[in-house]
1. Can you tell me which of (1) modelled with pLDDT under 85; (2) buried (at least 21 other Cβ atoms within 10 Å of the Cβ) is the one ILE159 doesn't meet?
2. Applying the selection to region 255-286, what residues are in contact (Cβ under 8 Å) with a residue 12 or more places away in the chain and more than 22 Å from VAL168 (Cα to Cα)?
3. Please verify whether region 19-37 includes one or more residues that are at pLDDT below 65 and assigned to a helix (DSSP H, G or I).
4. Could you grab the pairs with beta carbons closer than 6 Å, sequence gap of 6+ or different chains, first residue in region 370-384 and part of a loop (DSSP other than H, G, I, E, B), second one among the β-branched types (Val, Ile, Thr)?
5. Select from region 338-355 the residues that are surrounded by fewer than 23 Cβ atoms within 10 Å (Cβ to Cβ) and hydrophobic (A, V, I, L, M, F, W, C) and write down the one among them that is modelled with the highest pLDDT.
6. Answer with yes or no whether ILE335 is at pLDDT below 95, β-branched (Val, Ile, Thr), part of a helix (DSSP H, G or I) and under 24 Å from ARG229 (Cα atoms).
7. So PHE195 clears everything in (1) within 18 Å of ILE46 (Cα to Cα); (2) modelled with pLDDT of 90 or more; (3) touching a Leu at 6+ places or on another chain (Cβ under 6 Å) except one condition, right? Which one?
8. For region 207-322, list the helices (runs of 4 or more DSSP H) that sit wholly inside it and hold at least 3 residues that are open to solvent by less than 40 Å² (accessible area, probe 1.4 Å), at pLDDT 85 or above and among the small types (Gly, Ala, Ser); which are they?
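The values are calculated or read from the model by the stated rules, or taken from the named source; none is laboratory data. On a predicted model such as this, the values are computed, not experimentally measured, just so you know. Glycine gets a Cβ as well: all are built from the backbone with ideal geometry, and neighbour counts include every protein chain shown. For the accessible areas, the whole protein counts, side chains as well, though only heavy atoms, and no ligand, DNA or RNA atoms are used. Shrake-Rupley method; radii C 1.70, N 1.55, O 1.52, S 1.80 Å.
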Amino acid sequence: MTVLRENTFSKVFGFISRQQEPFKANLVRTSIQNFFYNLTNQYQPIYMMALGANPLELGVINGIGGLAAAAVSTPIGWLVSRYGVRWMYLVGLPIMAFGAFLFAVAPNWVWLIPAIFVSSLSFRWMVTSCSMVCGSYLKNEERATGMQLCDTISSIPRIASPLIAAVVITIFGGLNEKGIRPLYGLQIIGIAFIFIFVLLKFEDPLMHGRAYSGGFFESLRIALSKSNRVKAWILFTTLSTLSMFMSSTYLSVYAADIKNADQYLLGGMATAAVVLPLLLSLPIGRLADTFGRKKIILLLIPLYCLSFVTLLLAQDPLMVIVSGIFQGFSMLIFITENAIAAELVPLESLGNWLGFLGFFRGLASVGGPVLGGIIWSVFGPSTVLFSLIILELSKLLVLQIGIPETLQKH
(Lines give C-alpha, C1' and ligand atoms only; values in the text may rest on other atoms or scores of the structure.)
Protein backbone atom coordinates (compact mmCIF):
# COMPACT_ATOMS: atom_id res chain seq x y z
CA MET A 1 0.00 0.00 0.00
CA THR A 2 2.85 2.39 0.86
CA VAL A 3 4.58 1.61 -2.44
CA LEU A 4 1.33 2.20 -4.34
CA ARG A 5 0.79 5.52 -2.56
CA GLU A 6 4.35 6.64 -3.30
CA ASN A 7 3.96 5.60 -6.94
CA THR A 8 0.72 7.62 -7.22
CA PHE A 9 2.32 10.71 -5.66
CA SER A 10 5.28 10.30 -8.00
CA LYS A 11 3.01 10.20 -11.05
CA VAL A 12 1.04 13.22 -9.88
CA PHE A 13 4.20 15.21 -9.14
CA GLY A 14 5.70 14.19 -12.47
CA PHE A 15 2.58 15.22 -14.38
CA ILE A 16 2.45 18.64 -12.72
CA SER A 17 6.20 19.27 -12.97
CA ARG A 18 6.25 18.80 -16.75
CA GLN A 19 3.41 21.29 -17.29
CA GLN A 20 4.09 24.93 -18.07
CA GLU A 21 4.01 27.67 -15.45
CA PRO A 22 0.52 29.10 -16.20
CA PHE A 23 -1.04 25.69 -15.46
CA LYS A 24 0.81 25.45 -12.13
CA ALA A 25 -0.03 29.00 -11.07
CA ASN A 26 -3.64 28.51 -12.08
CA LEU A 27 -3.78 25.38 -9.91
CA VAL A 28 -2.77 27.46 -6.88
CA ARG A 29 -5.22 30.23 -7.73
CA THR A 30 -8.09 27.79 -8.17
CA SER A 31 -7.31 26.07 -4.86
CA ILE A 32 -7.42 29.32 -2.90
CA GLN A 33 -10.54 30.52 -4.72
CA ASN A 34 -12.32 27.22 -4.05
CA PHE A 35 -11.77 27.58 -0.33
CA PHE A 36 -13.30 31.04 -0.09
CA TYR A 37 -16.07 30.40 -2.64
CA ASN A 38 -17.23 27.32 -0.76
CA LEU A 39 -17.56 29.21 2.51
CA THR A 40 -20.91 30.50 1.24
CA ASN A 41 -21.88 28.10 -1.55
CA GLN A 42 -23.87 25.68 0.62
CA TYR A 43 -25.46 28.41 2.75
CA GLN A 44 -26.31 31.09 0.18
CA PRO A 45 -29.86 29.84 -0.61
CA ILE A 46 -30.55 29.67 3.14
CA TYR A 47 -29.24 33.24 3.48
CA MET A 48 -31.53 34.43 0.70
CA MET A 49 -34.59 32.88 2.30
CA ALA A 50 -33.55 34.24 5.71
CA LEU A 51 -33.66 37.72 4.13
CA GLY A 52 -37.27 37.13 3.13
CA ALA A 53 -37.31 35.33 -0.23
CA ASN A 54 -39.79 32.49 -0.75
CA PRO A 55 -38.87 29.44 -2.94
CA LEU A 56 -40.17 31.04 -6.15
CA GLU A 57 -38.45 34.36 -5.42
CA LEU A 58 -35.28 32.42 -4.65
CA GLY A 59 -35.47 30.95 -8.15
CA VAL A 60 -36.10 34.36 -9.72
CA ILE A 61 -33.11 35.90 -7.93
CA ASN A 62 -30.79 33.17 -9.11
CA GLY A 63 -32.33 33.39 -12.58
CA ILE A 64 -31.34 37.06 -12.73
CA GLY A 65 -27.80 35.93 -12.02
CA GLY A 66 -28.10 33.67 -15.03
CA LEU A 67 -29.09 36.67 -17.16
CA ALA A 68 -25.88 38.38 -16.16
CA ALA A 69 -23.86 35.30 -17.10
CA ALA A 70 -25.65 35.02 -20.46
CA ALA A 71 -25.13 38.69 -21.26
CA VAL A 72 -21.37 38.66 -20.69
CA SER A 73 -20.33 35.14 -21.68
CA THR A 74 -19.88 35.67 -25.41
CA PRO A 75 -17.93 38.96 -25.19
CA ILE A 76 -15.83 37.50 -22.36
CA GLY A 77 -14.76 34.65 -24.63
CA TRP A 78 -13.62 37.17 -27.23
CA LEU A 79 -11.92 39.39 -24.64
CA VAL A 80 -9.90 36.53 -23.15
CA SER A 81 -8.74 35.53 -26.64
CA ARG A 82 -7.83 39.12 -27.39
CA TYR A 83 -6.27 40.36 -24.14
CA GLY A 84 -5.20 37.22 -22.28
CA VAL A 85 -6.09 35.35 -19.12
CA ARG A 86 -4.01 37.39 -16.69
CA TRP A 87 -5.71 40.64 -17.66
CA MET A 88 -9.11 38.97 -17.33
CA TYR A 89 -8.28 37.68 -13.84
CA LEU A 90 -7.08 41.09 -12.67
CA VAL A 91 -10.34 42.68 -13.83
CA GLY A 92 -12.63 39.83 -12.78
CA LEU A 93 -11.40 39.47 -9.19
CA PRO A 94 -12.38 43.02 -8.08
CA ILE A 95 -15.82 42.44 -9.62
CA MET A 96 -16.07 39.20 -7.61
CA ALA A 97 -15.11 41.06 -4.42
CA PHE A 98 -17.75 43.71 -5.12
CA GLY A 99 -20.38 40.99 -5.50
CA ALA A 100 -19.41 39.53 -2.10
CA PHE A 101 -19.63 43.03 -0.59
CA LEU A 102 -23.18 43.47 -1.93
CA PHE A 103 -24.19 40.17 -0.34
CA ALA A 104 -22.59 41.20 2.95
CA VAL A 105 -24.53 44.48 3.24
CA ALA A 106 -27.91 43.39 1.82
CA PRO A 107 -30.71 44.34 4.29
CA ASN A 108 -33.40 42.24 2.55
CA TRP A 109 -33.87 39.85 -0.36
CA VAL A 110 -34.55 42.60 -2.94
CA TRP A 111 -31.03 43.91 -2.41
CA LEU A 112 -29.73 40.47 -3.35
CA ILE A 113 -30.72 41.07 -6.98
CA PRO A 114 -27.71 43.32 -7.79
CA ALA A 115 -25.53 41.09 -5.58
CA ILE A 116 -26.36 37.93 -7.52
CA PHE A 117 -26.09 39.82 -10.82
CA VAL A 118 -22.55 40.99 -10.09
CA SER A 119 -21.47 37.69 -8.54
CA SER A 120 -22.76 35.63 -11.48
CA LEU A 121 -21.09 37.97 -13.94
CA SER A 122 -17.75 37.63 -12.17
CA PHE A 123 -18.10 33.84 -11.82
CA ARG A 124 -18.67 33.43 -15.58
CA TRP A 125 -15.79 35.84 -16.19
CA MET A 126 -13.42 33.72 -14.11
CA VAL A 127 -14.63 30.31 -15.35
CA THR A 128 -14.24 31.22 -19.03
CA SER A 129 -10.75 32.57 -18.37
CA CYS A 130 -9.77 29.50 -16.35
CA SER A 131 -10.93 27.11 -19.07
CA MET A 132 -8.52 28.76 -21.50
CA VAL A 133 -5.53 27.62 -19.44
CA CYS A 134 -6.32 23.88 -19.65
CA GLY A 135 -7.62 24.19 -23.20
CA SER A 136 -4.42 25.91 -24.33
CA TYR A 137 -1.73 24.00 -22.49
CA LEU A 138 -2.84 20.40 -21.98
CA LYS A 139 -2.37 17.86 -24.76
CA ASN A 140 -5.48 16.10 -26.08
CA GLU A 141 -4.36 12.74 -24.72
CA GLU A 142 -3.73 14.28 -21.28
CA ARG A 143 -6.49 16.88 -21.11
CA ALA A 144 -9.07 14.92 -19.09
CA THR A 145 -6.36 13.71 -16.70
CA GLY A 146 -4.98 17.23 -16.28
CA MET A 147 -8.41 18.75 -15.68
CA GLN A 148 -9.38 16.05 -13.20
CA LEU A 149 -6.02 16.37 -11.44
CA CYS A 150 -6.43 20.14 -11.21
CA ASP A 151 -9.89 19.59 -9.76
CA THR A 152 -8.58 17.01 -7.28
CA ILE A 153 -5.85 19.20 -5.86
CA SER A 154 -7.91 22.38 -5.90
CA SER A 155 -10.76 20.54 -4.16
CA ILE A 156 -8.70 19.79 -1.05
CA PRO A 157 -9.47 23.21 0.52
CA ARG A 158 -13.17 22.57 -0.15
CA ILE A 159 -13.10 19.84 2.51
CA ALA A 160 -12.50 22.35 5.27
CA SER A 161 -14.36 25.46 4.14
CA PRO A 162 -18.00 24.32 4.68
CA LEU A 163 -17.24 23.10 8.21
CA ILE A 164 -15.24 26.22 9.03
CA ALA A 165 -18.23 28.19 7.74
CA ALA A 166 -20.52 26.19 10.05
CA VAL A 167 -18.38 27.19 13.05
CA VAL A 168 -18.45 30.86 11.98
CA ILE A 169 -22.23 30.68 11.54
CA THR A 170 -22.61 29.23 15.04
CA ILE A 171 -20.40 31.94 16.57
CA PHE A 172 -22.32 34.77 14.90
CA GLY A 173 -25.86 33.63 15.62
CA GLY A 174 -26.82 30.38 13.89
CA LEU A 175 -28.38 29.44 10.55
CA ASN A 176 -29.86 32.86 9.81
CA GLU A 177 -28.84 36.09 8.11
CA LYS A 178 -26.72 37.28 11.07
CA GLY A 179 -24.82 34.03 11.24
CA ILE A 180 -24.19 33.70 7.48
CA ARG A 181 -23.42 37.35 6.68
CA PRO A 182 -19.80 37.37 8.04
CA LEU A 183 -18.83 34.67 5.56
CA TYR A 184 -18.97 37.22 2.75
CA GLY A 185 -16.51 39.42 4.60
CA LEU A 186 -14.09 36.50 4.73
CA GLN A 187 -14.61 36.02 0.99
CA ILE A 188 -13.57 39.61 0.29
CA ILE A 189 -10.33 39.11 2.22
CA GLY A 190 -9.61 35.91 0.31
CA ILE A 191 -10.28 37.52 -3.09
CA ALA A 192 -7.84 40.32 -2.23
CA PHE A 193 -5.17 37.73 -1.50
CA ILE A 194 -5.85 35.96 -4.83
CA PHE A 195 -5.56 39.28 -6.68
CA ILE A 196 -2.09 39.85 -5.21
CA PHE A 197 -1.05 36.30 -6.12
CA VAL A 198 -2.17 36.69 -9.76
CA LEU A 199 -0.50 40.08 -10.01
CA LEU A 200 2.83 38.70 -8.81
CA LYS A 201 2.91 35.09 -9.99
CA PHE A 202 0.63 34.46 -12.97
CA GLU A 203 2.06 34.60 -16.49
CA ASP A 204 -0.29 34.84 -19.43
CA PRO A 205 -0.91 31.68 -21.49
CA LEU A 206 0.28 32.14 -25.07
CA MET A 207 -1.84 29.33 -26.57
CA HIS A 208 1.33 27.81 -28.03
CA GLY A 209 1.87 30.90 -30.13
CA ARG A 210 -1.54 30.63 -31.81
CA ALA A 211 -3.56 33.28 -30.00
CA TYR A 212 -6.32 34.50 -32.28
CA SER A 213 -6.38 38.19 -33.02
CA GLY A 214 -9.13 38.33 -35.63
CA GLY A 215 -12.63 39.68 -35.34
CA PHE A 216 -15.21 38.21 -33.02
CA PHE A 217 -17.71 37.08 -35.67
CA GLU A 218 -15.05 35.51 -37.89
CA SER A 219 -13.69 33.50 -34.96
CA LEU A 220 -17.20 32.48 -33.97
CA ARG A 221 -17.86 31.31 -37.54
CA ILE A 222 -14.80 29.05 -37.29
CA ALA A 223 -15.96 27.72 -33.92
CA LEU A 224 -19.40 26.85 -35.30
CA SER A 225 -18.17 25.29 -38.53
CA LYS A 226 -18.61 21.75 -37.18
CA SER A 227 -22.33 22.38 -36.97
CA ASN A 228 -23.95 19.04 -36.08
CA ARG A 229 -21.87 18.11 -33.08
CA VAL A 230 -21.69 21.72 -31.91
CA LYS A 231 -25.49 22.02 -31.94
CA ALA A 232 -25.82 18.75 -30.03
CA TRP A 233 -23.28 19.94 -27.48
CA ILE A 234 -25.15 23.20 -26.97
CA LEU A 235 -28.28 21.16 -26.16
CA PHE A 236 -26.31 18.89 -23.83
CA THR A 237 -24.74 21.86 -22.06
CA THR A 238 -28.14 23.53 -21.68
CA LEU A 239 -29.60 20.43 -20.00
CA SER A 240 -26.51 20.10 -17.81
CA THR A 241 -26.72 23.72 -16.69
CA LEU A 242 -30.46 23.51 -15.98
CA SER A 243 -29.73 20.57 -13.68
CA MET A 244 -26.69 22.21 -12.08
CA PHE A 245 -28.43 25.46 -11.15
CA MET A 246 -31.65 23.83 -10.05
CA SER A 247 -29.72 21.54 -7.72
CA SER A 248 -27.39 24.25 -6.37
CA THR A 249 -30.39 26.48 -5.61
CA TYR A 250 -32.72 23.97 -3.96
CA LEU A 251 -30.83 20.96 -2.58
CA SER A 252 -29.59 22.70 0.56
CA VAL A 253 -33.02 24.30 1.05
CA TYR A 254 -34.65 20.88 0.67
CA ALA A 255 -32.22 19.37 3.17
CA ALA A 256 -32.85 22.18 5.68
CA ASP A 257 -36.64 22.48 5.29
CA ILE A 258 -37.66 18.88 4.57
CA LYS A 259 -34.89 16.84 6.23
CA ASN A 260 -34.30 19.29 9.14
CA ALA A 261 -30.57 19.71 8.44
CA ASP A 262 -28.74 22.27 10.58
CA GLN A 263 -25.60 24.20 9.60
CA TYR A 264 -23.29 21.33 10.56
CA LEU A 265 -25.23 18.76 8.55
CA LEU A 266 -25.33 21.13 5.57
CA GLY A 267 -21.60 21.65 5.94
CA GLY A 268 -21.14 17.89 6.19
CA MET A 269 -23.04 17.44 2.92
CA ALA A 270 -20.78 19.92 1.17
CA THR A 271 -17.65 18.30 2.58
CA ALA A 272 -18.92 14.83 1.66
CA ALA A 273 -19.37 16.00 -1.93
CA VAL A 274 -15.60 16.54 -2.14
CA VAL A 275 -14.71 12.97 -1.15
CA LEU A 276 -15.33 11.27 -4.48
CA PRO A 277 -13.55 13.91 -6.59
CA LEU A 278 -10.52 13.60 -4.30
CA LEU A 279 -10.46 9.81 -4.53
CA LEU A 280 -11.49 9.33 -8.14
CA SER A 281 -10.46 12.41 -10.15
CA LEU A 282 -7.10 11.04 -11.25
CA PRO A 283 -8.29 7.52 -12.19
CA ILE A 284 -11.40 8.94 -13.89
CA GLY A 285 -9.20 11.31 -15.88
CA ARG A 286 -6.91 8.46 -16.92
CA LEU A 287 -9.88 6.34 -17.95
CA ALA A 288 -11.31 9.24 -19.98
CA ASP A 289 -7.94 9.70 -21.68
CA THR A 290 -7.70 5.96 -22.39
CA PHE A 291 -11.19 4.74 -23.22
CA GLY A 292 -12.95 7.97 -24.13
CA ARG A 293 -14.85 10.82 -22.54
CA LYS A 294 -18.32 9.62 -23.60
CA LYS A 295 -18.03 6.24 -21.89
CA ILE A 296 -17.06 7.87 -18.61
CA ILE A 297 -19.94 10.36 -18.65
CA LEU A 298 -22.43 7.62 -19.59
CA LEU A 299 -21.20 5.65 -16.57
CA LEU A 300 -21.19 8.52 -14.07
CA ILE A 301 -24.55 10.19 -14.73
CA PRO A 302 -26.64 7.29 -13.29
CA LEU A 303 -24.37 7.24 -10.23
CA TYR A 304 -24.93 10.98 -9.79
CA CYS A 305 -28.70 10.41 -9.91
CA LEU A 306 -28.34 8.27 -6.80
CA SER A 307 -27.68 11.49 -4.85
CA PHE A 308 -31.24 12.67 -5.50
CA VAL A 309 -32.74 9.24 -4.78
CA THR A 310 -30.80 8.99 -1.51
CA LEU A 311 -31.87 12.46 -0.36
CA LEU A 312 -35.49 11.71 -1.21
CA LEU A 313 -35.38 8.53 0.89
CA ALA A 314 -33.20 9.90 3.72
CA GLN A 315 -34.63 9.27 7.19
CA ASP A 316 -31.56 10.19 9.24
CA PRO A 317 -28.45 12.43 9.05
CA LEU A 318 -26.27 9.57 7.79
CA MET A 319 -28.35 9.18 4.63
CA VAL A 320 -28.21 12.95 4.06
CA ILE A 321 -24.41 12.72 4.18
CA VAL A 322 -24.47 9.75 1.80
CA SER A 323 -26.49 11.84 -0.65
CA GLY A 324 -23.74 14.45 -0.39
CA ILE A 325 -21.13 11.82 -1.25
CA PHE A 326 -23.01 10.90 -4.43
CA GLN A 327 -23.15 14.61 -5.26
CA GLY A 328 -19.42 14.35 -5.85
CA PHE A 329 -20.06 12.60 -9.15
CA SER A 330 -21.35 15.92 -10.53
CA MET A 331 -17.87 17.45 -10.44
CA LEU A 332 -16.30 14.39 -12.08
CA ILE A 333 -18.89 14.67 -14.85
CA PHE A 334 -18.45 18.44 -15.20
CA ILE A 335 -14.67 18.24 -15.65
CA THR A 336 -14.98 15.50 -18.27
CA GLU A 337 -17.63 17.58 -20.05
CA ASN A 338 -15.20 20.50 -20.13
CA ALA A 339 -12.60 18.29 -21.80
CA ILE A 340 -15.07 17.51 -24.59
CA ALA A 341 -16.06 21.17 -24.98
CA ALA A 342 -12.42 22.21 -25.37
CA GLU A 343 -11.89 19.60 -28.12
CA LEU A 344 -14.89 20.33 -30.35
CA VAL A 345 -13.38 23.39 -32.06
CA PRO A 346 -9.96 24.55 -33.30
CA LEU A 347 -7.68 25.98 -30.60
CA GLU A 348 -7.60 29.44 -32.22
CA SER A 349 -11.38 29.65 -31.77
CA LEU A 350 -11.46 28.25 -28.24
CA GLY A 351 -11.99 31.51 -26.37
CA ASN A 352 -14.93 32.59 -28.49
CA TRP A 353 -16.40 29.08 -28.43
CA LEU A 354 -16.24 28.90 -24.64
CA GLY A 355 -17.78 32.36 -24.43
CA PHE A 356 -20.55 31.43 -26.87
CA LEU A 357 -21.19 28.22 -24.91
CA GLY A 358 -21.28 30.32 -21.75
CA PHE A 359 -24.10 32.35 -23.30
CA PHE A 360 -26.28 29.24 -23.45
CA ARG A 361 -25.17 28.24 -19.97
CA GLY A 362 -26.24 31.67 -18.83
CA LEU A 363 -29.68 31.30 -20.38
CA ALA A 364 -30.07 27.85 -18.81
CA SER A 365 -28.93 29.19 -15.46
CA VAL A 366 -31.91 31.56 -15.65
CA GLY A 367 -34.29 28.72 -16.40
CA GLY A 368 -32.96 26.24 -13.84
CA PRO A 369 -33.69 28.18 -10.63
CA VAL A 370 -36.96 29.66 -11.95
CA LEU A 371 -38.17 26.26 -13.15
CA GLY A 372 -37.19 24.76 -9.80
CA GLY A 373 -39.08 27.49 -7.95
CA ILE A 374 -42.22 26.91 -9.98
CA ILE A 375 -42.02 23.14 -9.50
CA TRP A 376 -41.40 23.55 -5.75
CA SER A 377 -44.32 25.97 -5.33
CA VAL A 378 -46.85 24.14 -7.53
CA PHE A 379 -46.00 20.46 -7.25
CA GLY A 380 -44.00 20.26 -4.01
CA PRO A 381 -40.35 20.09 -2.95
CA SER A 382 -39.81 16.40 -3.76
CA THR A 383 -40.84 16.95 -7.38
CA VAL A 384 -37.76 19.15 -7.82
CA LEU A 385 -35.54 16.13 -7.16
CA PHE A 386 -37.51 13.97 -9.60
CA SER A 387 -37.11 16.72 -12.21
CA LEU A 388 -33.35 16.69 -11.67
CA ILE A 389 -33.26 12.95 -12.36
CA ILE A 390 -35.21 13.47 -15.62
CA LEU A 391 -32.79 16.22 -16.74
CA GLU A 392 -29.74 14.04 -16.07
CA LEU A 393 -31.18 11.04 -17.93
CA SER A 394 -32.08 13.31 -20.88
CA LYS A 395 -28.41 14.23 -21.11
CA LEU A 396 -27.56 10.56 -21.63
CA LEU A 397 -29.78 10.40 -24.71
CA VAL A 398 -28.31 13.56 -26.27
CA LEU A 399 -24.75 12.42 -25.57
CA GLN A 400 -25.26 8.98 -27.04
CA ILE A 401 -27.00 10.18 -30.21
CA GLY A 402 -25.40 13.51 -31.03
CA ILE A 403 -21.89 13.78 -29.59
CA PRO A 404 -18.83 12.06 -31.10
CA GLU A 405 -15.88 10.84 -29.08
CA THR A 406 -13.28 13.64 -29.01
CA LEU A 407 -10.34 11.63 -27.65
CA GLN A 408 -7.62 11.46 -30.29
CA LYS A 409 -5.37 8.45 -29.82
CA HIS A 410 -1.88 8.73 -31.25
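1. Every condition holds for ILE159 apart from (2).
2. Within region 255-286, the first condition is being in contact (Cβ under 8 Å) with a residue 12 or more places away in the chain, and the residues that meet it are 255-259, 261-278, 280-282, 284-286.
Within region 255-286, ILE258, LYS259, VAL275, LEU276, PRO277, LEU278, LEU280, SER281, LEU282, ILE284, GLY285, ARG286 qualify.
3. For region 19-37, residues at pLDDT below 65 and assigned to a helix (DSSP H, G or I): absent.
4. That search, which allows pairs on different chains as well, returns nothing.
5. By that ranking, first place goes to ALA341.
6. Numbers: at pLDDT below 95: yes; β-branched (Val, Ile, Thr): yes; part of a helix (DSSP H, G or I): yes; under 24 Å from ARG229 (Cα atoms): yes.
Taking the combined requirement at face value, the residue satisfies it.
7. Every listed condition holds for PHE195 apart from (1).
8. Details: elements: 216-223, 227-257, 263-291, 293-313.
Where helices (runs of 4 or more DSSP H) fall fully within region 207-322 and carry at least 3 residues being open to solvent by less than 40 Å² (accessible area, probe 1.4 Å), at pLDDT 85 or above and among the small types (Gly, Ala, Ser), they are 227-257, 263-291.
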